[in-house]
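> This is the structure I have questions about; it appears just below.
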Amino acid sequence: MRLRIRPATRLKGTMHVPGDKSLSHRALLFGALADGVSELKGWLPAADCEATLRCVRALGIDVERPAWEHLIVHGGGLKGFRPAPGPLDCGGSGTTMRLLMGMLAGFPFPSTLVGNPQLSRRPMERVARPLRQMGAEVITTEGHAPVYVRGGSLQGIRYELPIASAQVKSAILLAGLYADRPTTVIEPAPSRDHTERLLRAMGVSIQRDGNAVTIEPTERLRPVSLTIPGDPSSAAFLIAAALLVPGSWVQIPGVLLNPTRLGWVDAWQEMGAPIQVIPEGEAGGEPVGRLQATAASRLQAIEITGAMVPRMIDEFPIFAVVATQAEGITRVRDAAELRVKESDRIAAIAMELRRMGARIEEHPDGFTVYGPTPLRGAVVHSHGDHRLAMALTVAGLIADGETLVEDAACIADSFPGFVETIQALGAEIEVEAVYE
């Protein structure tokens with residue numbers, strides 16, 4: 001799929017975004033091990049979450065689907081997984097593979113987890129090492145997928161993460177459900193805490209002391225009935241478009257407002273962006289509310305380092321686009337993790353924004369953007385990365401001339417309906433099928 005984008009004159013409207021991807025993965029996985037039936041509404045039917053559903057069913061869990069975004073999960077209890085008839089296909093989803101590694105460490109049968117070529121390039125030893133320390137047999141393929149896991153009797157450990165990673169932390173905590181004593185994970189900086197919040201809502205004892213998170217082994221998980229709020233990472237693209245296109249106003253209700261996910265909001269507000277965050281309630285132990293934004297008259301460059309990085313790790317592609325329109329020099333450091341995402345996001349965003357006229361320098365652990373710089377229409381490529389594809393689409397809305405985003409079908413990995421949503425706000429985008 002190719003997107004053909006023309007400059008926008010104004011974006012305006014109230015739009016919903018699909019259910020949060022992180023919560024959709026976790027609610028389904030944890031519901032599969034609950035004692036009883038969990039009902040999930042607003043579940044994200046994106047490619048990554050569909051991979052989790054496929055794996056859960058392959059492990060013997062009955063999941064009904066009354067509607068595309070509505071799941072009824074018949075949990076099998078903490079020991080409810082059964083050996084899969086073949087390899088567990090995680091598609092392109094790192095969350096699926098890494099969290100399942102932790103869960104399967106508690107089961108005595110062998111499992112093999114595989115992924116597409118993109119996922120098979122991502123590092124898995126960072127999960128395998130602590131699981132081995134706990135007593136599981138985990139074999140990677142030169143540090144990557146395919147991954148072989150055979151679990152059994154696990155011991156609780158105290159493990160210090162070399163880098164902040166919610167996926168690695170979650171895998172260890174999930175294995176800790178099956179351990180003989182408490183398991184503690186120490187983070188260098190707080191990462192997203194959806195696993196802790198949801199497990200706590202399901203009756204698990206989890207405590208945080210500074211950057212240390214400790215989970216107690218348990219006998220059962222309570223089922224949940226949950227309406228999954230909108231994904232703030234998806235909302236970021238619509239908010240960015242509103243900030244950059246003159247005369248715009250966008251409102252997004254029902255969004256997850258977990259503070260570990262709103263680093264991008266804090267960053268843009270520091271740059272001078274008129275964004276409002278309006279709390280309106282709670283779902284599954286998570287705060288929910290509205291985001292509003294109007295066009296920014298002036299943006300000022302800032303520096304992002306340290307503990308701020310994990311709070312906006314998925315938003316750096318669109319952050320870089322916004323930074324091209326800020327006055328001064330925007331610097332991102334301590335973000336080497338971006339190189340092992342769906343693409344090497346540091347190299348990819350620098351390469352593609354340069355095609356559009358941006359002044360951006362690549363560094364081993366981040367990038368520097370010099371602004372403001374007018375963007376020009378160009379032919380750019382997603383590198384198979386959904387967040388890069390959406391970021392380049394937003395860049396096309398403020399570029400001079402026409403922008404073509406190649407290989408844009410990957411957007412469905414996290415935000416099915418993105419094109420239709422931004423079109424409804426007033427963007428002029430054509431979708432073209434590409435036949436090779």
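> If you add up the charges near Gly366, with Lys and Arg at +1 and Asp and Glu at -1, over every other residue whose beta carbon is less than 13 angstrom from its beta carbon, what do you get?
Computed value for this residue: -3.
> Through the Karplus equation 6.51 cos²θ - 1.76 cosθ + 1.60, θ set to phi - 60°, convert the phi angles of region 202-208 into ³J(HN,Hα) values in whole Hz; use x for Gly and Pro.
Computed from phi, the couplings for region 202-208 are 9, x, 8, 7, 9, 10, 10 Hz.
> Would you kindly state how much longer the chain becomes between Val340 and Lys12 on full extension, computed as 0.36 nm times their sequence separation minus their alpha carbon distance, in nm to one decimal?
Fully extending the segment from Val340 to Lys12 adds 114.6 nm.
> By a straight-distance test (C-alpha under 18 Å), which lysines pair with Lys21 as possible cross-link partners, with residues fewer than eight away in the same chain excluded?
Partners within reach: Lys41, Lys169, Lys341.
> Once you list every other residue whose beta carbon is under 11 Å from the beta carbon of Val255, what net charge do they have if Lys and Arg are +1 and Asp and Glu are -1?
Result for the local shell: -2.
> Is region 21-214 rounded, prolate or oblate when judged by the Cα gyration tensor, a ≥ b ≥ c being the square roots of its eigenvalues, rounded requiring a/c under 1.5 and prolate requiring a/b larger than b/c?
The shape class here is rounded.
> To continue, here is another question. Only four residue types carry charge here, +1 at the Cβ of Lys and Arg and -1 at the Cβ of Asp and Glu. Report the dipole size of region 320-436 about the Cα centre in Debye, rounded to the nearest 20.
Approximately 500 debye in magnitude.
> Over the chain, what is the mean sequence separation of C-alpha contacts under 8 Å (at least six apart), divided by residue count, expressed as relative contact order in percent?
Answer for the chain is 19 percent.
> Let me ask something else. Which of the GluC sites (Glu not before Pro) found in region 160-241 are loop residues per DSSP with 13 or fewer other Cβ atoms within 10 Å of their Cβ?
Answer by residue number: Glu219.
> Tell me the label only: which of [x] 166; [y] 126; [z] 152 is volume of the Cα convex hull per residue in Å³ as calculated from this structure?
Of the labelled values, this structure produces [y].
> Cα centroids of region 264-305 and region 147-209: how far apart, whole angstrom?
Region 264-305 and region 147-209 have Cα centres spaced 29 Å from each other.
> Would you work out the charge dipole size for region 184-315 about its Cα centre, treating the Cβ of every Lys and Arg as +1 and the Cβ of every Asp and Glu as -1, and quote it to the nearest 20 debye?
220 debye
> Need one word for region 322-432: rounded, prolate or oblate. Basis is the Cα gyration tensor (sqrt eigenvalues a ≥ b ≥ c); a/c below 1.5 gives rounded, then a/b vs b/c decides.
Verdict is oblate for region 322-432.
> What are the ³J(HN,Hα) couplings of region 363-375, residue after residue, when phi is run through the Karplus curve with 6.51, -1.76, 1.60 and θ = phi - 60°? Round to Hz, x for glycine and proline.
10, x, 10, x, 7, 10, 10, 9, x, x, 10, x, 9
> Let me ask another. Near Glu432, within a Cβ-to-Cβ distance under 9 Å, what is the net charge of the other residues, with Lys and Arg +1 and Asp and Glu -1?
+1
> OK, next. With the Cα gyration tensor of region 3-53 giving a ≥ b ≥ c as the square roots of its eigenvalues, does the rule (a/c under 1.5 for rounded; else a/b larger than b/c for prolate; else oblate) give rounded, prolate or oblate?
prolate
> For His144 and Thr218 in the same chain, what is the full-extension length gain: residue separation times 0.36 nm, less their Cα-Cα distance, in nm?
23.6 nm
> Between Gly263, Ile275, His144, whose Cα lies farthest towards the positive end of the dipole of the chain when Lys and Arg beta carbons carry +1 and Asp and Glu beta carbons carry -1, centred on the Cα centre?
Most positive-ward Cα: His144.
> Of the chymotrypsin sites (Phe, Trp or Tyr not before Pro) in region 1-109, which ones lie in a loop per DSSP and count no more than 10 other C-beta atoms within 10 Å?
Trp68
> Once phi is turned into θ = phi - 60°, what whole-Hz ³J(HN,Hα) does the Karplus curve with 6.51, -1.76 and 1.60 give for every residue of region 310-315, x standing for Gly and Pro?
Those phi angles translate into x, 6, 9, 4, 8, 9 Hz.
Read-outs throughout are calculated quantities, based only on the coordinates presented, and are distinct from any laboratory measurement. What you see is a predicted model, and the numbers here were worked out from it, not measured in a lab. A quick note on method: Cβ atoms are made from the backbone with ideal geometry, for glycine too, and the neighbour counts reach across all protein chains shown.
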